[in-house]
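Remarks on the structure that follows.
The values are calculated or read from the model by the stated rules, or taken from the named source; none is laboratory data. Computed from a predicted structure; not experimentally measured. Backbone-built Cβ (ideal geometry, glycine too); neighbour counts: all protein chains shown. Ligands, DNA and RNA are excluded from the accessible area calculation, which covers all protein heavy atoms including side chains. Shrake-Rupley method; radii C 1.70, N 1.55, O 1.52, S 1.80 Å.
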Amino acid sequence: KYLSLKFHLMRTLLILFMLLSINSFSQNKTPIDKPFIEASGKADTLVIPNKIWINVLLMEKDFKGKKSVEEMEKEMIQKLESIGINTEKNLSLNYMSSNFKNYVLKQTDIFKSKSYSILVSDANTTAKVFIGLEEIGISNVRIDKVENTEEEKVKLLINGKAILNAKQTAESITKPLNQKVGNAIQIINFEDISNQVTGMVSGIRVRGISSKIYGNESPNYESNIEFEKIKISSSVQAKFLLE
């Protein structure tokens, strides 16, 4: 009799537990259990670089010891200032070195070198720097990287366009079925890998810099130098409720 009573009690408790679990499940039912549609969207735009880092390498061996690094540095600063570069603000020293170690081992001439970074804001000024430095015999000049100062703001706008494109895709699919696209219940943003190459030159095309420098003609500071525009893109995948 005692065992029978215990069995009925356990069965009653089990039934109550099942009923509570079902009620709890129905109350906590998530929106994902409702009908939904999944769609992806993309958007991109191009922006013109407005921060250009130019690397200049001064090497005494390029002048066969006829000029010191300090003399070349002075001429470079004078030239940059003559074309409108604020050298105190936009010229910085990356590093300096010498081949003194090789001199000790091989008894060769000691040559020093210095690397500089020049910051400019447009392609025309970039052309002026290249041509101006070429005038004074400095040819180890290259572009290190390009950026646009508004990239982060543009990315936010592009993200908005991408999710709208995803919703429009979902609407185009459901419209023939007379169904409406509701709120988004999940959004995944995929970062474009091609835009992660930060600090690298996205591309450069130089035209018109072949004007005579050492002849009677004056250098063409309006040479047509173009930078490939920076591509900013966004890809999203979203789930929308169907109403």
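Applying both filters, DSSP loop and at most 16 other Cβ atoms within 10 Å, to the GluC sites (Glu not before Pro) of the stretch 142-183 gives 150.
Do any of 67/89; 128/153; 61/128; 153/231; 42/180; 89/153 go past 19 Å between their Cα atoms, and which? Before the final figure, lay out the partial values.
On the way: 67/89 26 Å; 128/153 30 Å; 61/128 25 Å; 153/231 14 Å; 42/180 22 Å; 89/153 26 Å.
Checking Cα-Cα distances, 67/89; 128/153; 61/128; 42/180; 89/153 exceed 19 Å.
A DSSP coil position with no more than 13 other Cβ atoms inside 10 Å describes the following trypsin sites (Lys or Arg not before Pro) in the stretch 142-193: 180. Packing, taken as the mean count of other beta carbons within 10 Å per residue, orders the peptides 233-240, 66-73 from highest to lowest as 233-240, 66-73. Heads up, I need the accessible area for residue 59: 1.4 angstrom probe, whole protein in place, Å², nearest 10. So the heavy atoms of residue 59 present about 40 Å² to solvent. Rolling a 1.4 Å probe over the protein heavy atoms leaves residue 62 with an accessible area of roughly 80 Å².
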